[in-house]
Structures are given as structure tokens and as C-alpha cells.
Amino acid sequence: SFTTVEALPPTLATLTITNVGDKSATAACNVTADNGSTVSTKGFCWSTTPSPTLGNNKTTDGAGIGSFSSSISGLEPNTVYYVRAYATNGKGTSYSNEISIETLN
């Protein structure tokens with residue numbers, strides 16, 4: 001006999017944000033585990049309100065496990081944004097920690 005393990009949404013490492021300018025920033029993260037279901041898409045989402053989701057602005061930065069980064073562009077100067085990484089597999093979407101940034105004036 002054997003026991004099957006149910007797949008879960010992906011696991012993400014800690015999000016980092018660098019190079020914050022007046023209209024852009026660089027985000028980086030890592031999908032550390034697919035948890036039994038292949039990661040079909042990953043990227044970053046952001047909003048001027050906390051807890052951004054895929055329904056807000058987002059990038060699409062590939063698939064699978066591993067590190068990824070992206071330039072978040074089209075931001076407004078002197079504005080606070082909330083950013084999270086995301087990864088989606090057949091069992092759902094996971095989000096990383098959230099970081100708030102303020103673009104330069």
C-alpha cells in the first residue's frame with residue numbers, strides 16, 4: 001500500500017526590492033518549491049493599496065522553480081506602492097511577503 005500526498009500552492013522565499021527610482025524599481029524573489037504541481041507562472045504584483053493580487057498591476061516572469069527578477073515600471077513619482085511576488089501552480093497562487101516602497105520625487 002502507499003499514501004499519496006496532495007499538492008499545494010508553491011513556496012516563495014523573501015522578496016527584495018532594489019533600485020527604487022521615480023518611476024521604477026527592481027524586484028527579485030525565488031520560488032523554492034513547486035509542492036507537487038508545476039509552477040505555470042510567476043512574477044510580481046503591485047498596488048497603491050496593501051495586499052496586491054493578480055487583479056492589480058503585475059509582471060509575468062516565466063515558470064518553474066528558481067530565482068526571478070523584474071523591473072517594475074510605469075510608477076508615479078513620490079507615491080507609496082505595495083509589492084508582492086507571486087507564483088501559480090495547479091493548486092493555486094501563493095504570494096511572498098509584502099514590501100512597501102516610496103518612489104522618488
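The values are calculated or read from the model by the stated rules, or taken from the named source; none is laboratory data. Everything numeric in this text was worked out from a predicted model, so none of it was measured. A quick note on method: Cβ atoms are made from the backbone with ideal geometry, for glycine too, and the neighbour counts reach across all protein chains shown. Ligands, DNA and RNA are stripped out before the accessible areas are found, and what is left, the full protein with its side chains, is counted by its heavy atoms. Shrake-Rupley method; radii C 1.70, N 1.55, O 1.52, S 1.80 Å.
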Amide H neighbours of G64 under 5 Å, at least 5 residues apart or on other chains, H built in the peptide plane: list them.
V39, S40, T41
Karplus-derived 3J(HN,Hα) from phi for the range 11-17 (6.51 cos²θ - 1.76 cosθ + 1.60, θ = phi - 60°), whole Hz, x at Gly and Pro, runs 10, 10, 7, 6, 6, 10, 10
Dimensions in Å of the range 19-76 - Rg and Dmax from alpha carbons:
12.5, 40
Normalised by the residues of the chain, what does the relative contact order come to in percent, with Cα pairs under 8 Å and at least six apart?
35
How about K91: which lysines have a C-alpha closer than 18 Å to its C-alpha, ignoring those fewer than 8 places off in the same chain?
K42
By how many nm would the segment from N56 to L8 lengthen if fully extended, with 0.36 nm per residue of separation less the alpha-carbon distance?
14.9 nm
R0 of 41 Å, Cβ-Cβ distance S37-V80: FRET efficiency to nearest 0.05
0.75
5 angstrom amide H check on L12, placed H, neighbours 5+ away
T32
Give a residue-ordered list of calculated ³J(HN,Hα) values for the range 79-96 (Karplus: 6.51 cos²θ - 1.76 cosθ + 1.60, θ = phi - 60°; whole Hz; x for Gly, Pro).
10, 8, 10, 10, 10, 9, 7, 9, 8, 10, 10, x, 9, x, 10, 10, 10, 7
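Average the reciprocal distances over every distinct pair of alpha-carbons in the chain, invert the result, and give the Kirkwood radius in Å. If you can, show how the numbers build up before the last one.
On the way: mean 1/r = 0.0713 Å⁻¹.
Hydrodynamic radius (Kirkwood, Cα only) of the chain equals 14.0 Å.
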Round to a whole number: what % of the accessible area of the chain belongs to carbon and sulfur, probe 1.4 Å?
47
Using each residue's phi in the range 28-34, evaluate 6.51 cos²θ - 1.76 cosθ + 1.60 at θ = phi - 60° and report the 3J(HN,Hα) Karplus result to the nearest Hz, with x for Gly and Pro.
9, 7, 9, 7, 8, 7, 8
